[in-house]
Every structure is written in structure tokens, then in C-alpha cells.
Amino acid sequence: MKNLKGLSQKEADKKLKEYGPNEIKELIHTSPFQILLRQLKKNFIIYLLLVAAILCFFVGKSITGYAIFGVIIVVTLAGFFQEYKAEKAIKALKQMILSISIVIRDGKETEIPSHEIVPGDIVILRTGEKISADCLILEEKELRVNESVLTGESQEIKKLVARNEKDYKKENLIFMGTHVVNGKCIAKVLHTGMNTEFGKIAGMVSKAEKELPLQKKVNNIAKHLVFIAVTVSILTGGIMLIRSVPFSYDLFIDVLIVVIALSVSAFPEGFPLVLISTLASGAYRMAKKDAIVNRMSIIETLGETTVICTDKTGTITMGEMTIKEIFADDKLFDITGAGYEAEGDCLYNNKKIDMQKNTTLKLLLKTAILCNDAKIERKGTDKEYNIRGTPTEASLLIMSAKAGIFREDMQFIREEEIPFSSERKIMSVLCKENQKNYIYSKGAPEILVDKCRFMQKGDKIIKLNKKEKEKVLDFNKKFTLRKFRVLALAYKETPSLKRNYSENDLVFLGLVAIEDPPREEVKEAIKTCSDAGISIKMITGDNKETAIEIAREIGLKKKGILTGEEIDKLTEDELSKNVNKVTIFARVRPEHKLRIVKALKQNGEIVTMTGDGVNDAPALKEAHIGVAMGKNGTDVTREVADLTLKDDNFATIVSAVREGRTIFNNIQKFITYQLSCNYAELFIIFFGILIGLPLPLLALQILFMNLVTDNLPAISLGFNPSSPDIMRTKPRRESSILNRNLTILLVIAGTIMGILTLGVFYFTLNVLKQDIMIARTTALVTLIFFEIANAFNFRSFRKGVLNRSPFVNKYLIYASIISIIATLAIVYTPLNKIFETAPISLFNFLIAFLISLSVVIVFDLLKSIKGNLVKNL
């Protein structure tokens, strides 16, 4: 790296004031007006209500008409505010994963939030990183960039260093929003924010939320209910007309009033509000557990997951690498200490030795430092370090720090580099030291050892014969069997400074055994997945011995194992036939991940796939749920992912699946509950007219119930806590909201409520001989009590109401209290003139309350006999 000082902090602050933050303005976000329009577009509830309102004015029921228009406004605005709030919440959650860039300021590499980059900054970019501004390349090593976000073409573009800062072409520039797919570079920022090429076309790069599959299913239900409403309305109107021949204008008005009531009762008006509230609260709860939802639409799919394909390093394991042993100079050395503290010693036969006095160890430490892209910075005055770069490379620097050897103390110039890639599995650098040229390499032992012709023994370099090679590889195998990650290190002196320097004929220095212990919580998470019928596939670039040992330690049963080489030999059909039998994939490359996902999908699995590297992006995009790493992942994977883990922890994925299952269960509960209430309303009106009774409920009264006394309990059902055993059932293969058993449930509940409410109306009107308004009000209060009681039934499909605490869902208690207060208000205050109700006696109230308990008793009996009502009806 050239001696680049970059801007001073003072200059950067001045430019930040001058140019503003490095951000794309709100062009890429959905406007409030678009959200408002979304409430009206394809919303069958609104269309149904609009027709009902027009009919009300036609028949002279102007108060009801205005009330329905008011409901349309309330439903639209409530949906708007909830969705607007949800969009803002999702945006805020995404910002919890802050984009960081490395810049040179005051001559030092510094991490800053990407929005603080200013023109003139010197940025350092590596493989997998998103480019945060338009820049001119000053230095590059094997740099290739994906500019598809600007050009629409996905091929990698080779980039070159400019002749100078005034004479440059497009091939010397990198642009905001594009990604580094290979190599690294140092570049000078030319433009930021809206002045970049990306900023100029930002209006075309829409990031609007896709339509929720769930919303699509809800709209399908709405279409069916509209059809039912129209059919029942025609039938009821026909019955009324046949019975009341000859036809008259008054009869026509009566028929229209019934049609209005039926239309209003056909669908729960607060449905969309309840749905969005449930999804938004679920996304918030997941964020509190370190799972950031990038798209709300995936929450439903999460609950359907049948297979989780997970990386080993950093997801199943801690990701805090520590070098524990070194094999060098034909000896085995122990390194004490753990984590990123430079506190530890080198021991040989339990005796402390000075690594700087051992020629081979000193050369090994030097190679570990020079063939390394990571950086470590001391925290305060102690020996603990912050790391920047990969944990594996950082562990090499920490090992050297324990010996008191640091990069800053070395005199060298890095001339060239061949970066590490998943195909080569080696990284090499060419350095100039004291007028001599050296190649330093590190990589997978089985590959690097093949490139070594010599080995270092003390002060001498001897030939690496077959016996010595076998000894090295035997130690490598022993390390991997003990779950260590192993790197080999080598070097050689070379006379040439040419770009195509050779990595052959190297001098072998030694092996380092790196420990990356499994996370404590992973073992329990694996067991939870097993109980939930979810298969776990562990995917790693490490060799199979290390993978098997880690699998054993975390309780992952080894059904089968495949290596990357073996996958290469399989056809797509062969892989599809074998993939379900395999739990461990070792020595895999990113392209293997893509093939694994496709094979699992071909078998009908719902796949959740984790990834962190730039080449993992295709597999994440192909999976049903792509999961990126928030701490150690690349910008590319985070951009294509559906879910980002703030803590990179496997257990967090399992927690997110649990939340997905809970949310879907709650959606099924509140939808079945609300439709049972609407079915009851339809039942009461249709059969009331059929048996010759006056209209039992008026349109405005039904609207009140739909918006208040069944809507509030429905919202509270969306907050139902997770069942303790929700992860002990197999994943659902059928993703429809309403299945056969749920439909039976809503019909049972709706029929009970309908028959008994109609019975109360008949009893009050014809037996007690009370006024029609009193009878309607008693029927209304009865149905409201039924809806509240029924909501408690739907807290669980298995557990009863009477033998369970009412405070399991405290929000349902609050909703019930508000519903009762609202009911009292429309019965006993001047509001009763608007709703055409009348004050009723305590006796009528008691009848309504006692009758409503019947739905709880029936459901508790069904649950005690059948167990799980959703499965056993």
C-alpha cells in the first residue's frame, strides 16, 4: 500500500457539512400516498361497503349510509396508519444493521458509518463488500465488480488503476450500489449520495415491498365471501318477494334493507388491520431476538421450514477463533489463552519457550502476519484487541501478538497478492524485504503441502520427502479429528517480482490448529429442530473429520456425509435422491450450496439457507428463506437475504422459525374466529327471514360488532403467546389459512351462536312479548357476549377455557372490557338513537350472558374429547 494519509478528521467534518450525508433520498421508499391507495386497491371489503352505503341512501337510511362511509374512512385510515407504521418499523429494523466502511483518515485505517463518507475520502474495499460511493481506483489486486444494479448485466467486470487522478476511464471507476466480487482495492471517493450514478437513477431502482402471499390469500377469502354474500342476499330477497306477493315499493325497500344487512355481515371489516398488526408485531418481536426481517412476507414461510442448511463457522460455532496448537520443526507446541486477548504462552512439553528464538516458529509467525488482510487494534491499555477482518486471520495476528511480534514493527513492501478463493483455498503475497523478494502462503493443508518441495527444520531448509509429507498430513488428520480448523503456512525466496510469480516449490513451515468452539445454545436448538420435524444440514468448507467432530459435539446425528468432490461427481437427479440422507456437507464451495438448495426444493422441502460470503448470494436467493449474517456477513448477502441475524447465531434461526409458526397459528386463530362471527351474523339474518321473523339485526349494529366487539378481540388473538410445544409438531405442508378442519370449527361456532342468538330474539319478541327494538337489542347484546366468549375459545385449539387462566392473553382481557363498555354506551346513552337500540333490563342482560357461555362449554367438551381440534375434527 502506498503511503496514503487520506483526509484529516477536520477536513472530513467540513466536507460532510458541505456535501451532506452519503445517502440516497426517499426516492426508493413507498410514499404515504401510495400506501393510502393500497388500502383501496383490490380491497373487496371497501367495495362491498361502498355498495351498501349507496343502497342505504337509496332506501332512506341516511344515518346508516353516513355511518358506513365513516366505517370506510376508519378502515382505510386504520389500515394506512398501521401499514405506514409497519413500513417505518421495518426500515428502522434494517438500519439496526449499520453499513460500515473502512477509510484512511489522518493516515490510519478507520471504520466509519458509510453515510459519513465524503468526497476525497480514501476507502479500502474487499471481496463481498458493497461500494458506498463513486470512486476512482488508486490500487487494486485482482479486482472484479458486479455492476448489474446499474447496467442490468450480471457478468463480473475487471477494473484497473487509473493513470492519474485527472486522466481516467470508466474501467478505472467503481460505483455506488455495486459490489466487489473478487479481489480488493484502495480508491478515492469522487461523488457521494444523490450525486452518484446510482443516486441519479434512484427513482428507477424501486425497493417497494412485494405483495404479501398472506395478503393474497386473504383477498381470495374476501372474494369467496363476497360471492357468499351476493348468493345469500339473492336467496333471502327471493324468499321475501315470493312470500309477499304482490310486489310493492315498500317490499322492495324492505328487501334492500335486508340485502344491506347481509352485505355488511359477510366480511370482517377490520380484517386487514388485524393482519398487518400481527405481522408487524411479529417482526418487532423477532428483532428483539436478533432476527431482522427484511421482508414481512417471509414470516409466514418461516413457519413452514422443513430444512435448515447452516454454515458451521460463526453460526454453529462461536466464530472467535483461537490458535491452540502448532506443528512445526517436527514438534508439537501448545498455545495458551483464548479469544482475542494477546495473553498466553507457547509451551513445549509443558515448558514455556520464546517463539522469537526458534527460527521455524519465528518464520511461521512472520508468514502469519504478512499473508494476512486482517487488522487488530488494542482496546485501551489491556491486552484485549478489536479485530477487523475474518476471525481466522485475526487469530493468526493474536497468536503473533502473544509472542510480541506485530506487523507495524516489520519493514516490508507488499508488491503483489493472489487472494484466497473458495476454488484455490490458498492465499499468497509477494513481499520485498531488504532488497530480497519472498512469497508467503497459507491455506488448506492438503492443497498447500502439495505445493511444498522443502521444509524448514531449525536454521536449515531440507527436502520435503514422502515420509515427511505423510507425517504432516497425519498431524492434520489428528487435528481435524479433534475438531480443529487447520491452516498450513509456507514461504520461499524468489528472484522475480513479476505478476505471475509461482506458488510452487514452497518451503513448508508448519500447521496451526485453530479452535472454534460450538455455541452453548446450539445443542438445545438442534434438539428443538429434531422435535419440530426440521432437518438440519451442516455445510462447511472444513474437511469432513472436523465437521463430524463438531456434529457429534452439538448432537447432530450423522446420517450421511458428502464432500464437495463427491457432489461434483453427482448428476442433479442423483444429488436429489441422496440429499435428504445427508446431514454433513464438507469441503464445499458456494456453487455446491446452490445445488444443494435446488435438490432439496426438488424434493418438496421448504429450505432456509444461511450464508455470509459474496458467492453465497445465489444460494440465499434460491432458498425459500435466505439468512445473512449481520456481524460477519458481506453486504451482498445481506441485500439478497430475507432475514439477517444480528448475532450470527444458529439458535436465532430456530427462534425465528418458532416465531413464524406462532404468527401463522395466531393468524389462523383470529381469521377462523372472525369468520365464525360473520357466519353467525349471516345465519341469524338468513334463517330469521326464512322462518318469518322481522330483521333480527340492523346493518349499523352489525358494523358496530365487526369493528369493535369482534375486531378488538381478533387483534388481541394476534398477540397470543407461543405454545410451549409449538416446536414439537411437524412442519405444515399445507399453507392455506383455512383448511377443512378450521372451516368445520367456524361453522360449529357460528351455528351455535346463530341458533341461540336467534332463539333469544324469538323468545324476547314472541314469549316475553317485548318491543321489537328491545328484542333486537337483547339479540345484539347476546351475540356480542357470544363473540367475546368465543374469542377465549380461540386462544388455543387444544386447551379449554374453563380450566385455564383468563390472563394467558392479557390483551384479550383488555379487548373484552373495552367491547363491553362500548356495548353499554350504544345501549344506555343517547348513541342508542343512532344504533336503533333501547335500554334493556338486567333480566335480559343475564339471559344474554348465560346463553353466551354455551359456546365455551361446547368447545371445552370438544377439546376434552378430540384433543387438538385442528387435527382431529
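Tallying residues that are open to solvent by 10 Å² or more (accessible area, probe 1.4 Å), in contact with a Leu (Cβ under 8 Å, 6 or more places away or on another chain) and aromatic (Phe, Trp, Tyr) within segment 778-813 yields 2.
Taking Leu853 as the residue in question, decide whether it is farther than 30 Å from Lys61 by Cα, open to solvent by 10 Å² or more (accessible area, probe 1.4 Å) and either out of contact with any Gly (no Cβ under 7 Å at 6 or more places or on another chain) or of a type outside the set (A, V, I, L, M, F, W, C) (or both). Here the answer is yes, as Leu853 does meet what is asked.
Taking first residues from segment 633-645 that are farther than 14 Å from Thr127 by Cα and at pLDDT below 85 and partners that are assigned to a loop (DSSP other than H, G, I, E, B) and open to solvent by less than 10 Å² (accessible area, probe 1.4 Å), no Cβ contact under 7 Å between residues at least 6 apart in sequence or on separate chains turns up.
Looking at Ile813, Ile788, Ile744, which is the one that is assigned to a helix (DSSP H, G or I), over 18 Å from Ala680 (Cα atoms) and of a type in the set (Val, Ile, Thr)?
Values: Ile788 fails: over 18 Å from Ala680 (Cα atoms); Ile744 fails: over 18 Å from Ala680 (Cα atoms).
Only one candidate passes the filter, namely Ile813.
Among the residues of segment 554-576, is any of a type outside the set (Lys, Arg), open to solvent by 70 Å² or more (accessible area, probe 1.4 Å), in a helix (DSSP H, G or I) and under 30 Å from Tyr440 (Cα atoms)? Among the residues of segment 554-576, at least one is of a type outside the set (Lys, Arg), open to solvent by 70 Å² or more (accessible area, probe 1.4 Å), in a helix (DSSP H, G or I) and under 30 Å from Tyr440 (Cα atoms), which makes the answer yes. Here Tyr47 meets each of (1) under 30 Å from Val123 (Cα atoms); (2) at pLDDT below 75; (3) aromatic (Phe, Trp, Tyr) with one exception, condition (1).
Please go through (1) within 42 Å of the chain's Cα centre (by Cα); (2) assigned to a helix (DSSP H, G or I); (3) surrounded by fewer than 18 Cβ atoms within 10 Å (Cβ to Cβ) for Ile299 and return the number of the only condition it doesn't satisfy. It fails just one condition, (3). Annotation: of all residues in segment 210-266 being outside any helix (DSSP H, G or I) and at pLDDT 70 or above, the one that is surrounded by the most Cβ atoms within 10 Å (Cβ to Cβ) is Ser244. Every test in (1) among the β-branched types (Val, Ile, Thr); (2) under 36 Å from the mean Cα position of the chain (by Cα); (3) within 26 Å of Thr751 (Cα to Cα) is passed by Val808 save one, and that test is (3).
The requirement of being surrounded by fewer than 15 Cβ atoms within 10 Å (Cβ to Cβ) and either at pLDDT below 65 or acidic (Asp, Glu) (or both) is fulfilled somewhere in segment 100-117, by at least one residue.
Within segment 302-336, count every residue that is in a loop (DSSP other than H, G, I, E, B), hydrophobic (A, V, I, L, M, F, W, C) and open to solvent by less than 10 Å² (accessible area, probe 1.4 Å).
Step one: list which residues in segment 302-336 are in a loop (DSSP other than H, G, I, E, B), which gives 303-306, 318-321, 329-330, 336.
Checking the rest, the ones that are also hydrophobic (A, V, I, L, M, F, W, C) come to 318, 321.
Within this subset, residues satisfying the condition of being open to solvent by less than 10 Å² (accessible area, probe 1.4 Å) are 321.
Count: 1.
Looking at this structure, is Ile462 part of a strand (DSSP E or B) and not acidic (Asp, Glu)? Working first, answer last.
Details: part of a strand (DSSP E or B): yes; not acidic (Asp, Glu): yes.
When the stated conditions are applied, Ile462 passes them.
Residue selection: Ile584 satisfies the criterion of being buried (at least 20 other Cβ atoms within 10 Å of the Cβ), within 26 Å of Arg424 (Cβ to Cβ) and within 29 Å of the chain's Cα centre (by Cα).
Kindly evaluate Gly282 against the criterion of being assigned to a helix (DSSP H, G or I), modelled with pLDDT of 80 or more and buried (at least 17 other Cβ atoms within 10 Å of the Cβ). Lay out the reasoning, then the answer.
Details: assigned to a helix (DSSP H, G or I): yes; modelled with pLDDT of 80 or more: yes; buried (at least 17 other Cβ atoms within 10 Å of the Cβ): yes.
Against the criterion (assigned to a helix (DSSP H, G or I), modelled with pLDDT of 80 or more and buried (at least 17 other Cβ atoms within 10 Å of the Cβ)), Gly282 qualifies.
Within segment 589-696, which helices (runs of 4 or more DSSP H) (wholly inside it) include 2 or more residues that are charged (D, E, K, R), more than 26 Å from Ser723 (Cβ to Cβ) and in contact with a helix residue (DSSP H, G or I) (Cβ under 7 Å, 6 or more places away or on another chain)?
590-602, 617-622
Would you confirm whether or not segment 491-510 contains a residue that is touching a strand residue (DSSP E or B) at 6+ places or on another chain (Cβ under 9 Å), within 21 Å of Gly339 (Cα to Cα), in a strand (DSSP E or B) and among the charged types (D, E, K, R)? No: segment 491-510 contains no residue that is touching a strand residue (DSSP E or B) at 6+ places or on another chain (Cβ under 9 Å), within 21 Å of Gly339 (Cα to Cα), in a strand (DSSP E or B) and among the charged types (D, E, K, R).
The single residue among Ile667, Ile671, Ile685, Ile625 that is at pLDDT 90 or above and either open to solvent by less than 10 Å² (accessible area, probe 1.4 Å) or among the basic types (Lys, Arg) (or both) turns out to be Ile625.
The single residue among Ile715, Ile774, Ile748 that is over 35 Å from the mean Cα position of the chain (by Cα), open to solvent by 10 Å² or more (accessible area, probe 1.4 Å) and within 15 Å of Leu675 (Cα to Cα) turns out to be Ile748.
What about Ala202, is it modelled with pLDDT under 80, of a type in the set (Gly, Ala, Ser) and under 21 Å from Ile671 (Cβ atoms)?
Against the criterion (modelled with pLDDT under 80, of a type in the set (Gly, Ala, Ser) and under 21 Å from Ile671 (Cβ atoms)), Ala202 does not qualify.
Here segment 401-424 is the region considered, the condition is being without any contact (Cβ under 8 Å) to a residue 40 or more places away in the chain and within 23 Å of Ile447 (Cβ to Cβ), and the residue that is most open to solvent (accessible area, probe 1.4 Å) is Phe420.
Taken as a whole, the structure places Ala368 among residues that are touching a Ser or Thr at 6+ places or on another chain (Cβ under 9 Å) and either of a type outside the set (Lys, Arg) or assigned to a helix (DSSP H, G or I) (or both).
Among the residues of segment 761-771, those that are in a helix (DSSP H, G or I) and either under 11 Å from Pro696 (Cα atoms) or under 58 Å from the mean Cα position of the chain (by Cα) (or both) comprise Phe761, Tyr762, Phe763, Thr764, Leu765.
Filter segment 425-443 down to the residues that are of a type outside the set (D, E, K, R), open to solvent by 10 Å² or more (accessible area, probe 1.4 Å) and in contact with a strand residue (DSSP E or B) (Cβ under 8 Å, 6 or more places away or on another chain) and list them by number.
Filtering segment 425-443 down to residues of a type outside the set (D, E, K, R) leaves 426-431, 434-435, 437-441, 443.
This time we only want the ones that are open to solvent by 10 Å² or more (accessible area, probe 1.4 Å), so: 434-435, 437-438.
Correct list: Asn437, Tyr438.
Looking across segment 372-400 at every residue that is open to solvent by 50 Å² or more (accessible area, probe 1.4 Å) and of a type in the set (Asp, Glu), the one that is modelled with the lowest pLDDT is identified as Asp382.
The values are calculated or read from the model by the stated rules, or taken from the named source; none is laboratory data. Computed from a predicted structure; not experimentally measured. All Cβ positions, even for glycine, are placed from backbone atoms using ideal geometry, and neighbour counts span all protein chains on display. Side chains are part of the model used for accessible areas, which takes the heavy atoms of the whole protein and leaves out ligands, DNA and RNA. Shrake-Rupley method; radii C 1.70, N 1.55, O 1.52, S 1.80 Å.
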